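Peer 1: Quick one: the structure is below, questions incoming.
The values are calculated or read from the model by the stated rules, or taken from the named source; none is laboratory data. The structure presented is a predicted model; accordingly, all values stated were derived computationally and were not measured. Cβ: placed from backbone, ideal geometry, glycine included. Neighbour counts: every protein chain shown.
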Amino acid sequence: MDNVVANENVIELKGLTKKFGKHNESTAVNALNLEVRKGEVFGFVGPNGAGKTTTMKMMIGLLEPTSGSGKVAGFDIVREVINIREATGVLPEPAGFYDHLTARQNLRFYAKLYDIEPEVREKRIVDLLNLVGLEKAIDQKIGGFSTGMRKRFGLAQALINEPSILFLDEPTSGIDPLGAQMMRDLIKDLNQNKGVTVFLSSHSMEEVEEICDRIAIVARGKLLAVGSVEELRAIVKEKEGVNYLLEVQDIPLSATIDAIRSIDGVQITNTQDSTLHIHTNNMPRGEIAKSVKNAGGTISMFEEEEMNLQKLFLKIIEGVQV
Ligand SMILES: Nc1ncnc2c1ncn2[C@@H]1O[C@H](COP(=O)(O)OP(=O)(O)OP(=O)(O)O)[C@@H](O)[C@H]1O
Ligand SMILES: [Mg+2]
């Protein structure tokens, strides 16, 4: 978070499009423009089938775009795939490993693909399996690994070439809460202490809110919004208005309700004991407070209801057919 370089993009997508089908009849990724800054943890979220995996595959040279272009680590995603492979690490979903080989043998195989010297390689394998907490399983066959172990192993594999950019497709899906937290801590550590830029997809809004600096929300192949949680909040507020929680003393609840109802552009959405939930598109807080005071009430609480990413996400994809 502290090491984000504001004006240096390590990923740039311009009009990136992928169509599938004999006659290109289905559009999986639709004219996507995206910029990811050096040092960011960038979250890519959207409903099933939104095009997240397809986009990531195009960024690492596994799928060719139908149109549009992109650069990753300064390299063209169509013409410079080999350079991109060198600079990046990938945890795909689903991940395929050699199940009949041990963790060490699997990593040795991937290390050889990168021409890593044997002495460097053997030490790095041990270090990486240590990092992801699989040191005890180093000589066990991957086929016997649990889902959580496989995900952690996948992260070790993605790190074998010491990449500067990590692509993680649903790094915590299917793993238990403890394992998921460990994975998130590892991602944060790699970002903060090794300066790795992370691009990850996830269906857990809590997770994305916890670890991502900025987030892109996609649906049906289209980018709907991008920004920090704070920026997404501002976008939703602009469109949807604001909710407040209000508590008033010294006058009966009915008098408060009357006072609020008399203001144009303010609605009471719920009443809970003495707390009023109110909604307004553009009425300034001060105006609402003034009306309450004029009615003889004393405000004991007047708080803006903060929307978490889960709520923001639902608001932003609302109305988009998925
Ligand atoms: N190889 C393929 N051939 C045809 N259609 C495909 C192919 N790969 C993906 N698609 C389609 O492209 C769309 C986007 O799929 P994609 O897997 O990228 O979504 P996603 O956002 O990763 O979804 P999820 O959250 O379920 O992983 C879907 O409609 C999918 O069916
Ligand atoms: Mg996917």
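Peer 1: Suppose we filter region 106-117 for residues that are surrounded by 17 or more Cβ atoms within 10 Å (Cβ to Cβ) and in a helix (DSSP H, G or I); how many remain? Outline the logic, then answer.
Peer 2: Of the residues in region 106-117, the ones surrounded by 17 or more Cβ atoms within 10 Å (Cβ to Cβ) are 106-108, 110-111, 116.
Then keep just the ones that are in a helix (DSSP H, G or I); that gives 106-108, 110-111.
Summing the residues that are surrounded by 17 or more Cβ atoms within 10 Å (Cβ to Cβ) and in a helix (DSSP H, G or I) in region 106-117 gives 5.
Peer 1: So which strands (runs of 3 or more DSSP E) stay within region 162-248 end to end and still have 3 or more residues that are among the β-branched types (Val, Ile, Thr) and either surrounded by 23 or more Cβ atoms within 10 Å (Cβ to Cβ) or assigned by TED's automatic domain parsing to the domain that holds Gly297 (or both)?
Peer 2: In region 162-248, 214-219 are the strands (runs of 3 or more DSSP E) which contain 3 or more residues that are among the β-branched types (Val, Ile, Thr) and either surrounded by 23 or more Cβ atoms within 10 Å (Cβ to Cβ) or assigned by TED's automatic domain parsing to the domain that holds Gly297 (or both).
Peer 1: Val78 - would you say it is loosely packed, with under 15 Cβ neighbours inside 10 Å and of a type in the set (Val, Ile, Thr)?
Peer 2: Yes, satisfied.
Peer 1: Find all pairs meeting these conditions: Cβ atoms under 6 angstrom apart; at least six residues apart or on different chains; first residue within region 57-84 and more than 17 Å from Ser164 (Cα to Cα) and outside any loop (DSSP other than H, G, I, E, B); second residue of a type in the set (Gly, Ala, Ser) and modelled with pLDDT of 95 or more.
Peer 2: Sorted first by the residue in region 57-84, then by its partner, the pairs are Gly68/Gly15.
Peer 1: How about region 35-65: which of its residues are more than 16 Å from ligand 2 (Cβ to nearest atom) and more than 16 Å from Arg214 (Cα to Cα)?
Peer 2: Residues satisfying the conditions are Gly61, Glu64, Pro65.
Peer 1: So for region 67-77 (the condition being within 16 Å of ligand 1 (Cβ to nearest atom), at pLDDT 95 or above, among the hydrophobic types (A, V, I, L, M, F, W, C) and touching a Gly at 6+ places or on another chain (Cβ under 9 Å)), does at least one residue qualify?
Peer 2: Checking region 67-77: at least one residue is within 16 Å of ligand 1 (Cβ to nearest atom), at pLDDT 95 or above, among the hydrophobic types (A, V, I, L, M, F, W, C) and touching a Gly at 6+ places or on another chain (Cβ under 9 Å).
Peer 1: Further question: Quick one: is Leu32 within 16 Å of ligand 2 (Cβ to nearest atom), more than 28 Å from Phe153 (Cα to Cα), not assigned by TED's automatic domain parsing to the domain that holds Gln310 and not acidic (Asp, Glu)?
Peer 2: Spelling it out, Leu32 is indeed within 16 Å of ligand 2 (Cβ to nearest atom), more than 28 Å from Phe153 (Cα to Cα), not assigned by TED's automatic domain parsing to the domain that holds Gln310 and not acidic (Asp, Glu).
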